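*Asks:* Pasting a structure below so you can have a look.
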Amino acid sequence: IHSRFLSGLRTTAGSLFARIGQTGSITSQNSTALSSGGNLELDNAGTISGVAAVRVGGDFSSINNSGAIVATSPTAVAIQLGGAPIVPGQNTITNSGTISTRGPFAVLLDAGAARLFLTNSGSIFGGVHTANPANTSDIVINTGLISGAVELGGGDDTYIVDDRGDLIRGLHTPEGVL
């Protein structure tokens with residue numbers, strides 16, 4: 001799916017399920033490639049590329065990426081998760097492929113969004129930032145590469161790395177840089 005001016009695939013409300021195979025792609029030259037106003041269940045083995053790659057408005061979303069998710073703008077985010085949870089939710093990202101941006105954040109969890117559970121065994125080029133309130137506990141498990149700062153919001157957050165994981169630029173918490 002390719003769009004020159006609008007999103008490649010977009011819903012304004014409700015949930016979206018998308019499965020992109022190894023030879024599949026969703027691209028947009030001048031907008032967000034994949035946009036869901038509600039929850040998103042995404043299984044990507046292909047390529048998602050746009051000014052911003054993926055935007056999600058729901059609080060119970062799941063993104064499994066073994067392909068490439070790429071934001072092409074220097075100010076855009078590869079994966080942006082938003083929403084305002086009425087009940088505690090969780091946005092889950094499992095990455096064994098590549099998530100990249102030319103901007104500062106590859107993964108951005110907006111203020112008011114549900115917690116983030118990120119498992120990375122692939123490569124993330126750009127930071128991971130959660131701007132959620134103090135009552136959420138984000139979890140990042142990194143056995144791959146994150147080339148950018150990991151900035152976790154308030155709450156009882158967890159960052160797990162083993163000898164295979166690499167973090168470039170540091171882990172930022174409300175208490176300071178670790």
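*Asks:* Please return the ranges of strands (runs of 3 or more DSSP E) entirely within region 115-157 where 1 or more residues are open to solvent by 10 Å² or more (accessible area, probe 1.4 Å) and polar (S, T, N, Q).
*Replies:* In region 115-157, the matching strands (runs of 3 or more DSSP E) lie at 115-120, 123-130, 145-147.
*Asks:* Moving on to the next point. Would you check which residues across region 61-83 are over 17 Å from Gln29 (Cβ atoms), modelled with pLDDT under 85 and open to solvent by 10 Å² or more (accessible area, probe 1.4 Å) and list them?
*Replies:* Val77, Gln80, Gly83
*Asks:* Which one of these does Arg10 not meet: (1) open to solvent by 30 Å² or more (accessible area, probe 1.4 Å); (2) touching a Ser or Thr at 6+ places or on another chain (Cβ under 8 Å); (3) modelled with pLDDT of 85 or more?
*Replies:* With respect to (1) open to solvent by 30 Å² or more (accessible area, probe 1.4 Å); (2) touching a Ser or Thr at 6+ places or on another chain (Cβ under 8 Å); (3) modelled with pLDDT of 85 or more, Arg10 is out only on (3).
Residue-by-condition table, conditions (1) among the aliphatic types (A, V, I, L, M); (2) surrounded by fewer than 20 Cβ atoms within 10 Å (Cβ to Cβ):
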| residue | (1), (2) |
| --- | --- |
| Arg19 | no, yes |
| Gly38 | no, yes |
| Ser49 | no, no |
| Leu108 | yes, no |
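The values are calculated or read from the model by the stated rules, or taken from the named source; none is laboratory data. Predicted model only: the values in this text are computed from it and were never measured. FYI the Cβ positions are ideal-geometry reconstructions off the backbone, even for glycines, and counts take in every protein chain you see. Side chains are part of the model used for accessible areas, which takes the heavy atoms of the whole protein and leaves out ligands, DNA and RNA. Shrake-Rupley method; radii C 1.70, N 1.55, O 1.52, S 1.80 Å.
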